[in-house]
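Nothing in this text is a laboratory measurement; each read-out follows from the coordinates by a stated rule. In this text, all values refer to a predicted model and were calculated from it rather than measured experimentally. Counting neighbours? That spans all protein chains shown, and the Cβs are built from the backbone with ideal geometry, glycine included.
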Amino acid sequence: MHVQDTPTPESPPSSPSPPTVPPTHPPATMLPPPHGHGNPAVSVLVWILVLGGLCVGGFYAWKYASAQQSGSDKGRIDRPMPVIVDTAHVGDMNIYIKQVGNGAAYNTVTVRTRIDGQIQKIAFTEDQIVHKDDVLVEIDPRPYIAVLAQAQGQLSKDQRLLEQAQGQFDQAQGQLAQSQGQLAQAQATFDNAQRDMDRYHRAAEAVSEQQVTTAETTLATSKAALETAKAAVETFKAALTTAEAGIGSAKAAIEIDKAAIDAAKLNITYCTITSPITGRIGLRLIDEGNMVHAADVNGLVVINQVQPITVTFSPTQDDLPRLQKARLTNPRLPVEAQDRNRKHLADGVLESVDNQIDPTTATFKVKSVFSNEDNALFPSQLVNVRLLVNTLHDVMLVPDAAVQQSPKGHFCYVVNEEKEDAKVASKSTASKTAANKSTATKPAANKVVEMRLVKIGESQGGFTVIKQGIAAGEIVVTEGVDKLQPGSKVVVHTHDEAASQPASAPASQPGSDKGKG
């Protein structure tokens with residue numbers, strides 16, 4: 001159908017002088033005239049033609065791209081891909097609780113002075129390993145030696161006072177005994193006079209008045225002597241009590257003097273400061289000649305016991321059940337300390353577990369102890385800790401890199417022998433890969449991969465437990481899986497073979513041909 005254009009009203013009238021130029025048709029992709037100018041049916045028709053052309057062009061472009069992609073996928077399947085493989089095997093797997101731990105000294109002592117005085121000598125060097133009872137610091141002992149001499153002099157004085165009090169006591173005791181004898185004699189004299197007097201009264205008619213008078217005088221005299229003897233006894237008893245109290249005071253003073261002597265001797269002992277533990281000396285906090293006091297906040301030096309040394313770490317509360325179960329059979333579970341690069345540092349044992357879980361972090365503290373004979377561990381050092389809690393025996397193991405994830409679940413690429421009918425169909429492709437065959441240790445044309453769904457278990461030490469899906473001895477792909485799909489042909493290399501080849505070899509660069517058709 002032919003469409004004729006209509007001139008627009010804005011076009012000026014034709015001039016007779018210049019030649020008339022026939023109007024040119026706009027290309028199909030140009031927009032139609034503005035609405036309201038020209039025939040509306042013509043505008044609709046132009047739009048239909050433009051849209052139809054775009055649809056046809058898009059269809060052919062999509063078809064071409066699909067053909068290119070199909071050819072690329074087919075070439076990818078037919079072209080052998082270099083991969084690194086490993087063999088599934090049955091073995092044992094150790095189950096660890098892994099955390100970051102913090103080293104700490106088994107014992108830490110801040111050495112302080114217990115007396116006041118001037119430092120006379122420092123007998124250690126910084127970063128020195130000291131043993132228990134090694135001399136560290138000496139303080140001037142002369143003031144305390146003088147105090148000791150004073151206390152010893154006071155003791156001698158009080159001992160002489162005790163001797164005097166003892167003499168007085170002995171004297172009072174002798175006088176009391178003598179007065180008690182005199183009292184007994186006076187009592188006997190008084191008793192005799194009293195009996196005479198009673199006899200005279202009974203025989204008054206037979207006794208003269210002078211005898212009676214004499215008897216009365218004797219009775220009065222003996223009575224007075226008896227009272228005097230009693231008073232003397234009481235006096236000497238009081239003297240004896242006083243002397244006994246003097247002895248007690250002297251003895252108490254002696255005990256005080258002895259205590260003062262012991263205190264002075266102890267202070268002299270404190271003038272020599274020794275190490276309470278075996279450990280490593282830190283940086284010193286004082287110098288010779290400084291005055292130190294027992295009330296000082298800072299100590300003289302800090303000693304850390306690092307043989308043995310402890311490492312504390314905090315597992316999550318989810319690790320607690322299996323840890324408690326493992327402790328039932330072995331309370332001292334083995335622990336390994338590693339550096340940040342997972343390099344072995346030391347072996348130790350579990351020592352204790354905290355009695356509560358921190359509610360803010362849902363973790364609990366565990367302390368392990370290491371002999372640290374080679375000083376591999378240091379206080380406040382951060383280490384990677386592995387606490388062995390279980391060992392799985394006779395389980396199927398594959399490298400972690402062999403296990404992949406898909407929407408259907410976990411899977412591994414398993415290397416199989418190519419079937420005979422597939423070999424015939426791939427003869428043309430095999431001729432294209434002849435150059436790669438010369439570097440491969442195994443023929444590439446008879447190896448294909450199979451996508452195998454698996455059921456996995458624990459993962460430790462670079463290996464994963466396969467509960468279902470792979471048998472012992474099957475070969476799985478560990479490197480180069482990003483370029484594979486089910487049925488892909490592969491050139492098989494082991495890790496040792498890949499490591500022995502140059503860096504430019506395909507086996508060491510399984511993705512080197514990425515993007516090629």
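Sort 335-347, 83-95 by packing, meaning the average of other beta carbons within 10 Å per residue, with the highest value first.
Going by the mean number of other Cβ atoms within 10 Å, highest first, we get 83-95, 335-347.
Once you list every other residue whose beta carbon is under 12 Å from the beta carbon of His495, what net charge do they have if Lys and Arg are +1 and Asp and Glu are -1?
-4
Would you mind checking Lys63/Lys447; Lys325/Lys367; Lys157/Lys265; Lys98/Lys455; Lys325/Lys467; Lys98/Lys343 for any pair whose Cα atoms are more than 21 angstrom apart?
Long pairs (Cα-Cα over 21 Å): Lys63/Lys447; Lys98/Lys455; Lys325/Lys467.
What list of ³J(HN,Hα) values in whole Hz, one per residue of segment 324-334 in order, does the Karplus curve 6.51 cos²θ - 1.76 cosθ + 1.60 (θ = phi - 60°) give from phi, with Gly and Pro shown as x?
5, 5, 5, 6, 5, 9, 8, x, 10, 5, x
Using r as the Cβ-Cβ distance of Thr228 and Ile256, and R0 as 41 Å, what FRET efficiency do you calculate, to the nearest 0.05? Display every interim value, and only then the final one.
Working: r = 42 Å, r/R0 = 1.03.
FRET efficiency, Thr228 to Ile256: 0.45.
For Met291, what charge total do you get from the other residues with a beta carbon under 15 Å from its beta carbon, if Lys and Arg give +1 and Asp and Glu give -1?
It works out to a net charge of -2.
Between Asp400 and Ala177, how many nm apart are label points set 7 Å from Cα along the C-beta direction?
10.0
Using modelled amide H (1.01 Å from N, peptide plane; none on Pro or chain starts), what sits under 5 Å from the amide H of Val454, excluding residues fewer than 5 places away?
Here the answer is His410, Phe411, Cys412, since their amide H atoms fall under 5 Å of that of Val454.
For Ile145 and Thr235, what is the calculated FRET efficiency with R₀ set at 45 Å and r taken between the beta-carbons, to the nearest 0.05?
Once rounded, the FRET efficiency stands at 0.40.
What full-extension length gain, to one decimal in nm, is calculated for Leu45 and Asn298 as 0.36 nm per residue of separation minus the Cα-Cα distance?
81.3 nm
Just report the Cα centroid separation between segment 191-248 and segment 106-163, whole Å.
69
In segment 400-418, which residues have a backbone nitrogen under 16 Å from the label point lying 7 Å from Leu453's Cα in the Cα-to-Cβ direction?
In segment 400-418, the label zone of Leu453 (backbone N under 16 Å from the point 7 Å along Cα→Cβ) covers 404-414.
Where does each of 273-279, 487-493 land if you order them by average Cβ count within 10 Å, highest first?
Packing proxy ranking, top to bottom: 487-493, 273-279.
Starting from the 7 Å offset along Cα-to-Cβ, what nm value, one decimal, do you get for the label separation of Gln468 and Ala203?
Distance between label points: 14.1 nm.
Tell me which residues come under 5 Å, amide H to amide H, from Val137 once H is placed; ignore anything under 5 positions away on its chain.
Ala123, Ile273
Suppose R0 equals 51 Å. What FRET efficiency, 1/(1 + (r/R0)^6) with r the Cβ-Cβ distance, do Lys343 and Thr272 give to the nearest 0.05?
Plugging the Cβ-Cβ distance into 1/(1 + (r/R0)^6) gives 0.70.
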